[in-house]
Amino acid sequence: MGIEALLAALRQDPRFMGAVTHWEVEPARPASWAPFPEAIAPGVRAALAARGIERLYSHQAEAVAHALAGRHTVVVTPTASGKSLCFHLPVLQRLRERPGSRALYLFPTKALSQDQVAELTALVRALGSDYRTYTYDGDTPAEARRLLRDGGHVVVTNPYMLHTGILPHHPRWTNLFQNLGYVVIDELHTYRGVFGSHVANVLRRLRRVCAHYGAQPVFLCASATIGNPRELAERLLEVPVALVERSGAPRGERHTVLYNPPIVHAELGLRASAVEQVRRLVRRMLPFGVQIIVFARSRNEVEVLVKYAKDAAARAGLPAEAVAGYRGGYLPRLRRRIEQGLRAGEIRVVVATNALELGVDIGALDVAVLTGYPGSIASFYQQAGRAGRRLRPSLTVLVGRSSPIDQYLLRHPHELLYAPREQTVIDPDNLLIKVNHLKCSVFEVPFGPGESFGTAAPPAPAAPGGARHDPAAPEVAALEGGPRPDETRQILEYLASEAQLLHRVGDTFYWMAQAYPAEGVSLDTTDVDNFIVYDLERRCVLGEVDRPSAMTEIHEGAIYGWQGEQYLIERLDYPGRRAYARKVQCDYFTQAELDRSIKALAVDAEARFATYEARRGAVEVTTQATLYKKVRFYTRENVGAGEIHLPAEVLDTTACWFTLAAPLAARHGLFGPQAGALLALRNLLQHTVPLFVRCDPRDICVWSEVRAPAWGDRPTLYLFDRMPAGSGLAERVFAAHRAIFATMLAVLRDCPCPHGCPGCAGVELEIGPGAKPIAQRLLADLLADDAADGRAPSPGRLELPAGTPG
């Protein structure tokens, strides 16, 4: 038995092969070795040899050489190719040369931080030195914080703690900043969109603090494979960066299978549940003795699949401990135990969300099963890369869902397997983000004559119908002409004279407000207001649930899944942030349904055209859980329902929205059978906007109402910023919306599909028959005002990111 036997069995299984749309085989690749750079001390080489490392892969040697030469570097090689040694080795060598030297490691998650501390500590032990490596995060005790501030040679933290816990208090960290030689930034590809733009500004602040102490650290970055790694690194760091991308790590033979569940309703084109197909695949694979990782899209889906896998393991004679779930909300001790069980081979099947997509060391796995396309080509390869961490063959199976994008990729495998990886974009000069971090930076170190904060960017286009304004940040309103060649001075002068947050002495600006600016700046939409789930029988905490998810996962009557077991939520103390659960034996899980509504609070700009009206302003987005269904395991039949009575989640943010003229909507049938054309426009807008405003698609949300009560019961498209109070994206979309409309029309015209596809308006099953041509005519009418004026609409300068379907 083993992976070879499993591959042979699947090839010979007519039922399995009947659902396979593509089977790709990549041949094995031998290692490419290189000697240690001469500068590496004999003691460091001996420590590595003691851990079985007697030579380096070629990419490791190249990266280490760049680092030792003082060049900022980004390493972009596959999962499990030994990227960590690319930065551990230069750090250890510098400590060997200068024992007082310091290094700062940045990881996006606590799990990665703990993982790397363990690895680096093992190397230090082998070196026989007393270099101290510490993790600094929200769980670090106060006594340990004092110790690591004074004596930590390597400080391992995350951008959030750097933002609020280290930079504003840099006088306490004098020893770190005076001696900082290297800054390591791992998982660089996760710093995208609004979050990445914030992190870029945090790094600007870090460089200013380092310069204040006379340090000029070398930045060493590692990333998954993306389309523009050097560009992203240089945008984040604003310095030239050396790129290392040719991996020298060996690789076993890789099999990638695209599996489309069978059709169960031919007339509607409905296919069997992807979750059900994954259940059957895992049951089929277990007897072969392989180690399997299953990726699921939600925490609820993880728990359902863990139950299925435990049932299958029991039938195969395996202990329940051979199957585990891994997701956000589990307590750290449980996650560490699961990681150890995977490395030791004791856990045969792990079902995870994308929490295991990042580079936590979980050992060598044989099979990766993806429950649906994960949303990006980069994520697909990250998840697939979790299998094949030895020289043995590996298997990845993508089980498609009925969603339009999944079906498109299963029919066009080249768009998934051969297309270039997506571009990752950030916008550090987003004015609202930059102003907020400039405040933080002045608090940390006063701004002297001629100092700038980041690189200059061209001015943003002016908004039609009025000047841009963000009610949440009045100091930005006065600067809305967009960034200028030296906008730092302009912002500082405004913050001093108008906002009265700074005090100017000559040409130097000092922070004078009592407020602590970093605490008021969120790097992303992460909500730290968590609920705990309390086990009434064992009298212990089972896990945590973030507040926005509480309404769907731990309402009274919900079934809370935990490692495949079911717990009934008997009572939810919403003010106390605690859910009381009792273990039950039941044959169902629960699914909640949500309603969303959008209410305009203020209109800050408006532009009227013959066929539509464009507005921008503050909005309130309300999300309400209304009821839940009880869904039976295996059969998925609905066996009951109940109401949910919990406070709504309210997001106060900024948005722009477009309301169509009633005659136009009636002429194109939007009030009747062709309402799907509005959904087509919604899909197009969601996919096109990130190309213009340099954000991640998840930073925005597009919503539509065929009859919007607030706007005369007319069709309305809303685009709102997912960041509380907004991050400037809605303002920029409003300013560029006619160019965006023109590009949407070009996408429809250029796409050869007759009825719609994920690369343009969405598939016909989603948007309805005839929706694509109607959407095309709608856009032409919306842009007709320009044509009537003799001004031809233009998409402007636009480069579609690599890997965009269609």
Exercise for the section: DSSP loop (so not H, G, I, E, B), at most 12 other Cβ within 10 Å: list which trypsin sites (Lys or Arg not before Pro) in segment 503-580 pass both filters. Expected result: ARG538, ARG539
Handout entry: Neighbour net charge for PRO287 - beta-carbon separation under 12 angstrom, K R +1, D E -1
Key = +4
Problem - Listed peptides 771-781, 39-49 by packing density, highest first (mean Cβ within 10 Å) - result: 771-781, 39-49
Completion exercise
The correct ranking of ASP429, ASP130 by accessible area at 1.4 Å, largest first, is ASP130, ASP429
Exercise for the section: Skip the ligands, DNA and RNA, and give the accessible area per residue of the chain with a 1.4 Å probe, whole Å². Expected result: 40
Handout entry: Charge dipole magnitude, Cβ of K and R +1, D and E -1 - the chain, Cα centre, debye nearest 20
Key = 1980
Fill in the blank from the handout: For the chain, the percent of accessible surface on carbon and sulfur atoms (probe 1.4 angstrom, ligands and nucleic acids excluded) is 51
Exercise for the section: Quick one: what are the phi-derived ³J(HN,Hα) couplings along segment 710-717, Karplus 6.51/-1.76/1.60 with θ = phi - 60°, whole Hz, x for glycine and proline? Expected result: 6, 10, x, 6, 10, x, 9, 9
Fill in the blank from the handout: Net charge (Lys, Arg +1; Asp, Glu -1) of residues whose beta-carbon lies under 11 Å from that of PHE16, PHE16 excluded, is +3
Exercise for the section: Pairs to check: LYS630/LYS772; LYS307/LYS630; LYS83/LYS439; LYS83/LYS307; LYS83/LYS110. Give those whose C-alpha atoms are more than 27 Å from each other in this structure. Expected result: LYS630/LYS772; LYS83/LYS439; LYS83/LYS307
Practice task
Compute the relative contact order of the chain as a whole-number percentage, counting only Cα pairs closer than 8 Å that sit 6 or more residues apart in sequence.
Solution key: 11
Handout entry: Inter-probe distance in nm under a simple model that places probes 7 Å from Cα toward Cβ, at ARG632 and GLU519
Key = 5.5
Handout entry: Relative contact order [Cα under 8 Å, 6+ residues apart], segment 33-244, whole percent
Key = 27
Fill in the blank from the handout: The cysteines in the chain that find no other cysteine Cβ closer than 4.7 Å to their own Cβ are CYS86, CYS210, CYS221, CYS440, CYS540, CYS586, CYS656, CYS695, CYS701
Exercise for the section: Considering only DSSP beta bridges where both residues belong to the chain, give the percentage that are antiparallel (nearest 5). Expected result: 60
Fill in the blank from the handout: When the charge dipole of the chain is computed with +1 at the Cβ of Lys and Arg and -1 at the Cβ of Asp and Glu, the Cα pointing farthest to the positive end, of THR622, ILE569, PRO724, is that of ILE569
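The values are calculated or read from the model by the stated rules, or taken from the named source; none is laboratory data. None of these values were measured; they are calculated from a predicted model. A quick note on method: Cβ atoms are made from the backbone with ideal geometry, for glycine too, and the neighbour counts reach across all protein chains shown. Accessible surface is based on the protein model in full, side chains and every heavy atom, while ligands, DNA and RNA are left aside. Shrake-Rupley method; radii C 1.70, N 1.55, O 1.52, S 1.80 Å.
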